[in-house]
1. Grab the DSSP H runs of the chain that are 4 residues or longer, score each as -39,500 (n - 2.57), total them, divide by all residues and round the 222 nm result to the nearest 500 deg cm²/dmol.
2. Under the rule a/c < 1.5 gives rounded, and otherwise a/b versus b/c splits prolate from oblate, where does the chain land using the Cα gyration tensor?
3. Order of 98-106, 26-34 by packing, highest average Cβ count within 10 Å first?
4. Can you give me the span-like helices of the chain, meaning DSSP H runs with 15 Å or more of Cα extent along the axis and Kyte-Doolittle mean at or above 0.0?
5. How much accessible area per residue does the chain have, counting only protein heavy atoms and a probe of 1.4 Å, in square angstrom?
6. Filter the chymotrypsin sites (Phe, Trp or Tyr not before Pro) in region 14-87 to those in DSSP coil with at most 16 other Cβ atoms within 10 Å of their Cβ, and list the result.
7. With all protein chains present, how much of the accessible area of the chain (probe radius 1.4 Å) comes from carbon and sulfur, to the nearest whole percent?
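The values are calculated or read from the model by the stated rules, or taken from the named source; none is laboratory data. All of these numbers come straight from a predicted model, not from anything done at the bench. All Cβ positions, even for glycine, are placed from backbone atoms using ideal geometry, and neighbour counts span all protein chains on display. Side chains included, ligands, DNA and RNA excluded: accessible areas come from the protein's heavy atoms. Shrake-Rupley method; radii C 1.70, N 1.55, O 1.52, S 1.80 Å.
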Amino acid sequence: MLAKSRAQRDEPPAANLVKLSGNFLIASVIEALGEAMALVGKAGVDRRQYLDLLTSTLFPAPLYKMYGGLIAEQKFEPAGFAAALGHKDIRLALAAAEALRVPMPFANVLHDRFLTLLAQGGEALDWSAIGHLAAKDSGQATA
């Protein structure tokens with residue numbers, strides 16, 4: 001039997017790390033959208049109109065449209081991807097980052113945001129519900 005190359009041996013862990021890094025990026029977008037919407041919402045700007053402007057100019061990507069819409073409409077049920085799973089993926093990404101000695105300060109922020117959401121009973125909500133925390137933190141929402 002021929003020995004496997006290092007790339008072949010590392011393929012499953014690398015694929016998992018790629019998936020985790022993708023979910024880290026999605027969660028980053030969700031948090032950033034939530035913070036931006038909280039900022040403009042506090043100033044009286046309609047969040048839906050703001051999202052329409054963003055997604056028709058700067059960020060026409062489906063990711064912004066989909067998650068931005070969920071945040072603007074506060075539609076976190078049923079979960080497409082449960083917050084508890086988002087939290088788990090961020091924890092796993094942080095563990096990999098620690099093992100590889102790669103600082104990921106924003107991943108720590110996301111970990112805390114997910115932990116806050118879970119502490120408030122949001123385990124079954126869609127992970128986009130972390131995007132609503134900024135509005136809650138600013139006194140704009142209670143739900």
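1. -21500 deg cm²/dmol
2. prolate
3. For the peptides 98-106, 26-34, the packing ranking is 26-34, 98-106.
4. The qualifying helices are 11-42, 62-73, 83-100, 105-119.
5. On the way: 8510 Å² over 143 residues.
For the chain, the solvent-accessible area averages 60 Å² per residue.
6. Taking region 14-87 and a limit of 16 other Cβ atoms within 10 Å, the loop chymotrypsin sites (Phe, Trp or Tyr not before Pro) found are 81.
7. Values: 5250 of 8510 Å².
Carbon and sulfur atoms account for 62 percent of the accessible area of the chain.
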